[in-house]
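Participant: The structure is given below, and queries will be raised subsequently.
The values are calculated or read from the model by the stated rules, or taken from the named source; none is laboratory data. None of the values given here were measured: they were computed from a predicted structure. Don't worry about glycine lacking a Cβ; one is built from the backbone with ideal geometry, like all the others, and counts go over all protein chains shown. Side chains are part of the model used for accessible areas, which takes the heavy atoms of the whole protein and leaves out ligands, DNA and RNA. Shrake-Rupley method; radii C 1.70, N 1.55, O 1.52, S 1.80 Å.
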Amino acid sequence: MFKNRRFLLVFSLLLVIGLVLGACGASDDGGDSAEGSGGDSENNTENSSENGNNEDFSVAMVTDVGGVDDKSFNQSAWEGLQAFGEENGMSKGEGFDYAQSESDADYTTNLNRLVRQDYNLIFGIGYLLQPAIEEVAAQYPDTNFAIVDSGAEGDNVASILFKEHQGSFLAGVAAAKKTQSNKVGFVGGVDGALINKFEAGFEAGVKSVNADITVDVQYAEAFDAPDDGKLIASDMYSKGIDVIYHASGATGNGVFAQAKDLKKNNPDEDVWVIGVDRDQHEEGAIGEDNVTLTSMVKRVDIAVQDVTDQAMNGEFPAGETIEYGLNDDAISLARTNEEALSDDIITAIEDWKEKIINGDVEVPSTREELETYVNSL
Amino acid sequence: MFANRTVNILIPIISVLLGLLSGAVIMLVFGYNPLKGYAALWTGAFGDAYFLGETLRQVTPYILSGLAVAFALRTGLLNIGVEGQVFVGWVASVWVGVAFELPMIIHLPLAVLAAALAGAFWGFIPGILKAKLGVHEVIVTIMMNYIALYLSNEIVRNVITDGKDRTDSIAPTASLASEWLAGMTYFSRLHWGLLIALFMALVMWFLLNKTTQGFELRSVGFNQHASNYAGMSVSKNIVLAMVISGAFAGLAGAMEGLGTFGYMSVKSGFTNIGFDGIAVALLGANTALGVVLAAFLFGTLKIGALNMPTVAGVPTELVEIVIALIIIFVASSYMIRWIILRFKKEGK
């Protein structure tokens, strides 16, 4: 045992250091809470009761593996919660918060944890969380859940969907007004109900402006294949197509890359890309020029904030599917590229937007509806 | 002998303490309260029955992937391919779970066995290449990981289902999930797989320490030439070690497929169960008991860490750094061993 004295010495030294550091931490904490920035959700949850009082309302979201800084819908959803918190004088950890998932095994764990921390409303961001939301919602009928971009079953679940076909229609109008060759293209991610919605809306928009314009539709069969996107774009541009609308996630980066390559070789060439989901203005920047004509922007933040407001006022749309569209400003066209979007185009977009909101135009959301729509023109 | 053993036990403990300590320093530097952070970690892992259940659920595959790495290492082989073997095991177990209608007493063992066999096969390929052609197992196993990832995506998408992103849920007769365990832990996903994992740890200990075959495997790990000279077949032992290691890894996949999820989905990247297994094996000093203990630590860290951002406000990234620091200190155990021995010499 004698030999071990050295080890015991090292051991106890480590423990002492640990204690000292711990003590430092404790005093640090005092300063923190005096400033009021130290988020302590436990206090918060202890106060919360089920009387639906505004002061006790709390909301949280679970991201998918993208995380809150994914520059896409997770980030947008979090911005929605932050805006909600600001309006109601809450801060992160006191009234609203998020839980990030490192892998898809974490979805149910995170949802469960937030339920246990007594959040009144919990968002699942992205269709990947659908099975987890349904499972946890069935286990905890007293908590409200909402899922973005997917329909989930359950009496305490609200499903948030977007009318992407309306925004795509306006993108089609912009493309039809911009094209000089009377040929435009559409690059889709995976051929399925969701992306067909984009396709139908876009084509309807183009044909509404000028029925003679041809729309070339191609699918990359992947949301993460920029090389395929580049190939398709190269093919389209060489056929004389001058505006491409992509609804293909990261595959669309290839479309941007091809357009920028062409623009670099010949700055006078007219090639345009229409972005999707968020304003992709930055993606299209090449030197002085920018190939991004506009983007079909999906405001997840507005939808999240809206549903949260409803829940706080005791009007949570439980068991319902809510579709957000142009009239909520949850779908819109970006106007960052002022040079490319002439007044003429903007007026046309505004005109058609009016018609859609008034109900004069029913935008098709499937290929069958598109056919009837085009024939009726 | 006694002092040596103390050193072996002390190294992992000191590594973990150093890791937690430097984690605390980093939290302090960035203005977070480490005590609060670690308290959140603790309640996040053991706070109530639900989290305890989830922690044990996470520990289960870690034990098996840790055993897989440790077993190969005892024979002197670095099996980086545990991740891929987990994937094929997962797919195989779910496939059997979805495809057949059998009574539970046949169905469940069959699904578990399928996973072990798939993993074993995935370990056999690098094993035979190493034994017959001398191809380094690290390179082959790394590449096999990618083959496994994309192959299982393809199988999920086009063979088991018709172009869907995830398979149907497995038949209840093939499921390890237990309503009793879930009910006891407020719907956690704790399942019977934990017993399988612990039993496998026992199997590994028995195999390595109590059988002739185990002696040969360890002997090859110590010195191939001496073993050869002593009349043992080195290549046979290399293949066997990789096969058994792969079978452990395949079982880890079955834990996910038959226990935690009950289905397999198309994955965009690795699950890290296999890669974390390397750290688990290192921390556990490649022994069965050590691996079980290390797996508990890693499971605790993983599940508890999820609680740190929401309760203590520590950002997820910092939590990752703390975990990485512990792994670094474990991996640099050589340094700690050297320092301890240095101390000892001076003491004499």
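Participant: Please give the number of the condition B:Met27 fails out of (1) within 14 Å of another protein chain (Cβ to nearest Cβ); (2) aliphatic (A, V, I, L, M); (3) more than 23 Å from B:Thr300 (Cβ to Cβ); (4) open to solvent by less than 10 Å² (accessible area, probe 1.4 Å).
Facilitator: Single failed check for B:Met27: (3).
Participant: Let me ask another. Which of the residues spanning region A:155-182 are in a helix (DSSP H, G or I) and of a type in the set (Ser, Thr, Tyr)?
Facilitator: Result: A:Ser168, single match.
Participant: Residue check, B:Leu64 against (1) within 14 Å of chain A (Cβ to nearest Cβ); (2) in contact (Cβ under 8 Å) with a residue 40 or more places away in the chain; (3) of a type in the set (A, V, I, L, M), all met but one. Which one?
Facilitator: Single failed check for B:Leu64: (1).
Participant: Here is a further query. Just checking, does region A:243-259 include any residue being open to solvent by 60 Å² or more (accessible area, probe 1.4 Å), part of a loop (DSSP other than H, G, I, E, B) and not hydrophobic (A, V, I, L, M, F, W, C)?
Facilitator: No; the residues of region A:243-259 include none that is open to solvent by 60 Å² or more (accessible area, probe 1.4 Å), part of a loop (DSSP other than H, G, I, E, B) and not hydrophobic (A, V, I, L, M, F, W, C).
Participant: Also, quick follow-up: Output the number of residues of region A:247-279 satisfying the condition of being under 21 Å from A:Ala77 (Cα atoms) and in contact with a His (Cβ under 9 Å, 6 or more places away or on another chain).
Facilitator: Total meeting the criteria: 2.
Participant: Taking A:Phe73 as the residue in question, decide whether it is open to solvent by 30 Å² or more (accessible area, probe 1.4 Å) and either more than 10 Å from every other protein chain (Cβ to nearest Cβ) or not basic (Lys, Arg) (or both).
Facilitator: yes
Participant: For region B:95-109, does any single residue satisfy the condition of being open to solvent by less than 20 Å² (accessible area, probe 1.4 Å) and within 22 Å of the chain's Cα centre (by Cα)?
Facilitator: Looking for residues that are open to solvent by less than 20 Å² (accessible area, probe 1.4 Å) and within 22 Å of the chain's Cα centre (by Cα), one finds none in region B:95-109, hence no.
Participant: Could you tell me whether region A:282-290 includes any residue that is touching a Phe, Trp or Tyr at 6+ places or on another chain (Cβ under 8 Å), part of a helix (DSSP H, G or I) and open to solvent by less than 20 Å² (accessible area, probe 1.4 Å)?
Facilitator: Yes, region A:282-290 contains at least one residue that is touching a Phe, Trp or Tyr at 6+ places or on another chain (Cβ under 8 Å), part of a helix (DSSP H, G or I) and open to solvent by less than 20 Å² (accessible area, probe 1.4 Å).
Participant: Hey, another quick one. Between A:Val187, A:Val215, which is farther than 30 Å from B:Glu154 by Cα, part of a strand (DSSP E or B) and at pLDDT 90 or above?
Facilitator: A:Val215
Participant: I'd like to check which helices (runs of 4 or more DSSP H) are fully inside region A:295-377 and have at least 2 residues that are open to solvent by less than 90 Å² (accessible area, probe 1.4 Å), of a type in the set (Val, Ile, Thr) and in contact (Cβ under 8 Å) with a residue 12 or more places away in the chain.
Facilitator: Helices (runs of 4 or more DSSP H) meeting the threshold: A:300-312, A:343-358.
Participant: Name the residue, out of B:Gly259, B:Gly253, B:Gly221, that is part of a helix (DSSP H, G or I) and touching a His at 6+ places or on another chain (Cβ under 9 Å).
Facilitator: Just one listed residue meets the conditions, B:Gly259.
Yes or no, residue by residue, for (1) among the small types (Gly, Ala, Ser); (2) at pLDDT 90 or above; (3) crowded, with 23+ Cβ neighbours inside 10 Å:
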{"residue": "B:Gly250", "(1), (2), (3)": "yes, yes, yes"}
{"residue": "B:Ser265", "(1), (2), (3)": "yes, no, no"}
{"residue": "B:Leu293", "(1), (2), (3)": "no, yes, no"}
{"residue": "B:Leu318", "(1), (2), (3)": "no, no, no"}
{"residue": "B:Ile321", "(1), (2), (3)": "no, no, no"}
{"residue": "B:Leu341", "(1), (2), (3)": "no, no, no"}
{"residue": "B:Lys348", "(1), (2), (3)": "no, no, no"}
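Participant: For region B:208-228, indicate whether the set of residues that are open to solvent by less than 30 Å² (accessible area, probe 1.4 Å), free of Cβ contacts under 8 Å to residues at least 40 places away in the same chain and under 30 Å from B:Leu108 (Cα atoms) is non-empty.
Facilitator: Yes, region B:208-228 contains a residue that is open to solvent by less than 30 Å² (accessible area, probe 1.4 Å), free of Cβ contacts under 8 Å to residues at least 40 places away in the same chain and under 30 Å from B:Leu108 (Cα atoms).
Participant: Mind listing whichever residues of region B:62-112 are out of contact with any Leu (no Cβ under 6 Å at 6 or more places or on another chain) and among the hydroxyl-bearing types (Ser, Thr, Tyr)?
Facilitator: B:Tyr62, B:Ser65, listed by residue number.
Participant: Has region B:304-315 got any residue that is out of contact with any helix residue (DSSP H, G or I) (no Cβ under 6 Å at 6 or more places or on another chain), in a helix (DSSP H, G or I) and under 30 Å from B:Leu117 (Cβ atoms)?
Facilitator: No, because not a single residue in region B:304-315 is out of contact with any helix residue (DSSP H, G or I) (no Cβ under 6 Å at 6 or more places or on another chain), in a helix (DSSP H, G or I) and under 30 Å from B:Leu117 (Cβ atoms).
Participant: What is the residue count in region B:122-177 for residues that are touching a residue at least 60 places away in the same chain (Cβ under 8 Å), within 20 Å of the chain's Cα centre (by Cα) and assigned to a helix (DSSP H, G or I)?
Facilitator: Of the residues in that region, 16 qualify.
Participant: Would region A:67-82 turn up any residue that is part of a helix (DSSP H, G or I), more than 21 Å from the chain's Cα centre (by Cα) and either at negative phi or not hydroxyl-bearing (Ser, Thr, Tyr) (or both)?
Facilitator: For region A:67-82, residues part of a helix (DSSP H, G or I), more than 21 Å from the chain's Cα centre (by Cα) and either at negative phi or not hydroxyl-bearing (Ser, Thr, Tyr) (or both): absent.
Participant: Using beta carbons and a limit of 6 Å, which pairs, at least six apart or on different chains, have the first residue in region A:231-242 and not assigned by TED's automatic domain parsing to the domain that holds A:Asn265 and among the acidic types (Asp, Glu) and the second one open to solvent by 50 Å² or more (accessible area, probe 1.4 Å) and in a helix (DSSP H, G or I)?
Facilitator: Taking only residues 6 or more apart or on different chains, not a single pair turns up.
Participant: Taking the condition modelled with pLDDT under 90 and under 21 Å from B:Leu217 (Cβ atoms), does B:Gly284 pass?
Facilitator: When the stated conditions are applied, B:Gly284 passes them.
Participant: Against the definition (open to solvent by less than 40 Å² (accessible area, probe 1.4 Å), in a loop (DSSP other than H, G, I, E, B) and within 12 Å of another protein chain (Cβ to nearest Cβ)), how does B:Gly53 come out, yes or no?
Facilitator: Against the criterion (open to solvent by less than 40 Å² (accessible area, probe 1.4 Å), in a loop (DSSP other than H, G, I, E, B) and within 12 Å of another protein chain (Cβ to nearest Cβ)), B:Gly53 does not qualify.
Participant: Here's a follow-up. Give region B:316-344 a look and list any residue that's facing another protein chain (nearest Cβ under 9 Å) and not β-branched (Val, Ile, Thr), or say none.
Facilitator: B:Glu320, B:Phe343, B:Lys344 - these are the residues of region B:316-344 that are facing another protein chain (nearest Cβ under 9 Å) and not β-branched (Val, Ile, Thr).
Participant: Right, B:Phe87: open to solvent by less than 10 Å² (accessible area, probe 1.4 Å) and within 14 Å of another protein chain (Cβ to nearest Cβ) or not?
Facilitator: yes
Participant: For region A:223-270, how many residues are among the charged types (D, E, K, R) and within 27 Å of the chain's Cα centre (by Cα)?
Facilitator: 5
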